[in-house]
Amino acid sequence: MSSCALAATPVFNRSGVPNIITYAQAITITEQGFNNIARLTYTTKSVAIHMAEKVKDEFKKKTVSIISENQDYGQQLLKTFKEQAKGLESKW
């Protein structure tokens, strides 16, 4: 869904049409800076941060294995998870 939303948002913005995003989660959708977007879902960034904190706080794990898809969603999730996990290392 993110690829479709990323392609459509500039078109909606140029046309001045309100754009309500329902299932697309890519953080790059709102990073485009358009003011006609309303999001009804979590972003991949917020999901990845929650996942990393869950691994540390609830599961009490210091290492994880990650299997990720090679699309926008999976790659953004992977990138943000790794960044968040790195930041949490000092708190273990």
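Express the Stokes-Einstein translational diffusion coefficient of segment 40-92 in µm² s⁻¹, to the nearest whole number, given a Kirkwood radius over alpha-carbon pairs, 25 °C and a viscosity of 0.890 mPa s.
After rounding, the answer is 216 µm²/s.
Please work out the C-alpha center-to-center distance from segment 2-35 to segment 46-75 and express it in whole Å.
The two parts, judged by their Cα centres, are 25 Å apart.
Regarding segment 5-67, what is the average projected area of its C-alpha convex hull, in nm²?
Average of the hull's projected areas for segment 5-67 equals 5.3 nm².
To the nearest 10 degrees, how steeply does helix 2-15 sit against the main Cα axis of the chain, on a 0 to 90 scale?
In the chain, helix 2-15 runs at an angle near 40 degrees to the longest axis.
Where nothing but the Cβ of Lys and Arg (+1) and of Asp and Glu (-1) is charged, how large is the charge dipole of segment 22-92 around its Cα centre, in debye to the nearest 20?
300 debye
Quick check: at a probe of 1.4 Å, how many percent of the accessible area of the chain sits on carbon and sulfur atoms?
55 percent
Under a straight-distance cross-link criterion of Cα-Cα below 19 Å, which aspartates and glutamates are reachable from residue 62, leaving out those fewer than 8 residues away in the same chain?
Cross-link targets: 53, 83, 89.
The values are calculated or read from the model by the stated rules, or taken from the named source; none is laboratory data. Bear in mind that the values here come from a model prediction, so they are computed numbers and not experimental data. Note that each Cβ is placed from the backbone with ideal geometry, even for glycine, and that neighbours are counted across all protein chains shown. Protein only, heavy atoms only, side chains kept; ligands, DNA and RNA dropped before computing areas. Shrake-Rupley method; radii C 1.70, N 1.55, O 1.52, S 1.80 Å.
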